[in-house]
Amino acid sequence: CSRWEEEKKEDGVKWMQLEHRGPYFVPLYEPLPEDVQFYYDGKPLKLSLATEEIATFYAKMLDHEYTSKEIFQNNFFHDWRKEMTSEEQEIIKDLDKCDFREIHKYFVDKNEARKALPKEEKQKLKEEADKIQEEYGYCILDGHREKIGNFKTEPPGLFRGRGEHPKMGMLKKRIMPEDVIINCSRDSKIPEPPEGHKWKEVRFDNTVTWLASWTENIQNTLKYIMLNPSSKLKGEKDWQKYEVARRLKDVVHKIRAEYRKDWKSKEIKKRQRAVALYFIDKLALRAGNEKEEGETADTVGCCSLRVEHIQLHPQLDGQEHVVEFDFLGKDSIRYYNKVSVEKPVFQNLRLFMKNKDPTDDLFDQLTTTFLNKHLQHLMDGLTAKVFRTYNASITLQEQLKALTNPEDNIAGKLLSYNRANRAVAILCNHQRSIPKTFARSMQVLQEKIDAKKKQVEEAQEEVKKAEDEFERTKDAKAEANVEKKKKLLKRLEEQLAKLNVQATDKEENKQIALGTSKLNYLDPRISVAWCKKFGIPIEKIYNKTQKEKFAWAIDMAGEDFEF
């Protein structure tokens, strides 16, 4: 039996034995050299160690657009002042008078120097990193040596957040052993804390899969050290996730019929639930949990939508019953979409919005708990996320069927694959900001294309010359030369086509993040089967880390796999 199908444990128990070294703590702060200075109001100012360390966090980010944002600057300055000595607080009162440029230059130079190290030096650094990985990066779980995902604590720094996060620039504190809860088995060798320190707590809880945890200070959320995605435990969990989504395939028609019926329900609560479910199913919206006031960014999901987040248009751009969505979703990523919905949905939304203020809840009778209870009743294990997984995977499978041309070469087929993946990313609203390097790398690609075009034109001339020569002499050597020149032309044309495909792909992809859906929402067996069917090397779709994560799928799926 493969390692994916070993003996099952009793319900809720995740392991019998767990032994590890605990987290690896990032090295302590190294003070700046004497000749690297911070200036305030044009004069050098020697900072206390704690204050200097936080100054370096900001200095390192000077060339980042974050440090130009007012909210980032204000949060940083507020948190920085809290850590200063009273003397420093007396002097440093205005961020605009702070000059971090010398510190910034120091770190840029240091980085360049590290890049320029001779090969042996780099090798030595790599060996040191490997040694830490060997020592801290593995645990023993039920007799298997398993790789740990993130065995290092996060270094202190400034919180960045995604989108327009209101807490950006706040100080992310250093994690100490005293903050950390260790989880392992009673009979194992319990990890030793670093010298002079002690753990917050050691527990022996085999119903959870984390090895260590702590609370981070900005959002007050728990952070965990978990097993690597390639481990048996994670692989099984991943596989189960897609099996649940595949079960939804068999009942989804029934569920759709039921929520359609509920659009006309006597109870407004049921109607709201049915419309919300329609959005979750059709638009792959997240459910959106209730949140504590003021705790985090004002982001919403389906159940927490407010009246101000949608606009109704009986007619728009030649379509009927259009709902215009505009809200901040998870990670403060904007969701903007205009969707033509079915008439009863449109009428219900109008009803839900009647006599309400913009800041009132759209689905005022609906809670995530009520929705999830209903989903669980429709199918065991069903949540809003299962709909996202199901719709993402089914979309990929259908798009691959529609877009793949068996006659295409590998580059052409991969463009089709990325287009199918893009359809999913758009459905799930996985955006990214255009990479800083985009324009430059596009320019480099364009230069390559222009150069290649020139080579093709020259090769065409050569072919013509060779053909004329053969016309004149009719000898075998000239004939062979024509063939040789034609072959070269064909090869150059193929290379040009490949570059053009790359440019198309790059352009279409600049604002879309493909990775999120590839790692979290798409059943990897669909991609593995597609690769096997069309003779595409799996490396073209999954890099080394992804291949390890999806080892279970690569083992299992043949070319006939259907989601």
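The values are calculated or read from the model by the stated rules, or taken from the named source; none is laboratory data. Everything numeric here is computed off the predicted structure, so don't read it as measured data. Using ideal geometry, Cβ is built from the backbone for each residue, glycine included, and neighbour counts are taken over all protein chains shown. Please note that ligands, DNA and RNA were not included when accessible areas were found on the heavy atoms of the full protein model with its side chains. Shrake-Rupley method; radii C 1.70, N 1.55, O 1.52, S 1.80 Å.
Summary table
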{"read-out": "Region 392-556 - charge dipole about Cα centre, Lys and Arg +1 at Cβ, Asp and Glu -1, debye rounded to 20", "value": "600 debye"}
{"read-out": "Sequence-distant lysines (8 or more away, or on other chains) whose Cα lies within less than 25 Å of Lys167", "value": "Lys60, Lys69, Lys82, Lys93, Lys97, Lys152, Lys223, Lys291, Lys330, Lys436"}
{"read-out": "3J(HN,Hα) from dihedral phi, region 22-35, Karplus parametrisation 6.51/-1.76/1.60, rounded to Hz, x for glycine, proline", "value": "x, x, 8, 8, 5, x, 5, 5, 9, x, 5, x, 3, 7"}
{"read-out": "Listed values (i) 39; (ii) 49; (iii) 28, entry calculated as percent of Cα pairs over 38 Å apart", "value": "(ii)"}
{"read-out": "Pairwise Cα inverse-distance average, inverted: Kirkwood Rh of region 38-119 (Å)", "value": "13.6 Å"}
{"read-out": "Rounded accessible area per residue of the chain, 1.4 Å, Å²", "value": "57 Å²"}
{"read-out": "Pairwise centroid distance, computed over Cα atoms, of region 416-431 with region 483-562, Å", "value": "14 Å"}
{"read-out": "Rounded percent of accessible protein surface that carbon and sulfur make up, region 38-119, 1.4 Å probe", "value": "51 percent"}
{"read-out": "Whichever lysines have a C-alpha closer than 27 Å to that of Lys486, once near sequence neighbours (fewer than 8 apart) are set aside", "value": "Lys413, Lys448, Lys452, Lys453, Lys454, Lys464, Lys465, Lys474, Lys477, Lys498"}
{"read-out": "C-alpha center-to-center spacing [region 360-386, region 153-202] in angstrom", "value": "34 Å"}
{"read-out": "Estimated FRET transfer efficiency (His377, Lys540; beta-carbon r; R0 60 Å; 0.05)", "value": "0.90"}
{"read-out": "Whole-percent carbon and sulfur share, accessible surface of region 207-302, 1.4 Å", "value": "50 percent"}
{"read-out": "Charge dipole magnitude, Cβ of K and R +1, D and E -1 - the chain, Cα centre, debye nearest 20", "value": "1740 debye"}
{"read-out": "Dipole magnitude of region 1-111 about its Cα centre (Cβ charges: Lys, Arg +1; Asp, Glu -1), debye to nearest 20", "value": "140 debye"}
{"read-out": "Residue among Leu125, Gly196, Pro166 farthest towards the positive dipole end of region 109-205, charges placed on Cβ", "value": "Pro166"}
{"read-out": "Bridge type composition, the chain - antiparallel percent by DSSP, nearest 5", "value": "90 percent"}
{"read-out": "Per-bin percent of Cα-Cα distances, region 392-556 [10 Å]", "value": "9, 28, 28, 18, 11, 6, 1"}
{"read-out": "Reachable lysines, given that their alpha-carbon falls under 23 Å from the alpha-carbon of Lys119 and they are not under 8 places away in the same chain", "value": "Lys110, Lys131"}
{"read-out": "Per-residue ³J(HN,Hα) for region 178-184, Karplus 6.51 cos²θ - 1.76 cosθ + 1.60, θ = phi - 60°, Hz, x for Gly and Pro", "value": "5, 8, 9, 9, 9, 10, 7"}
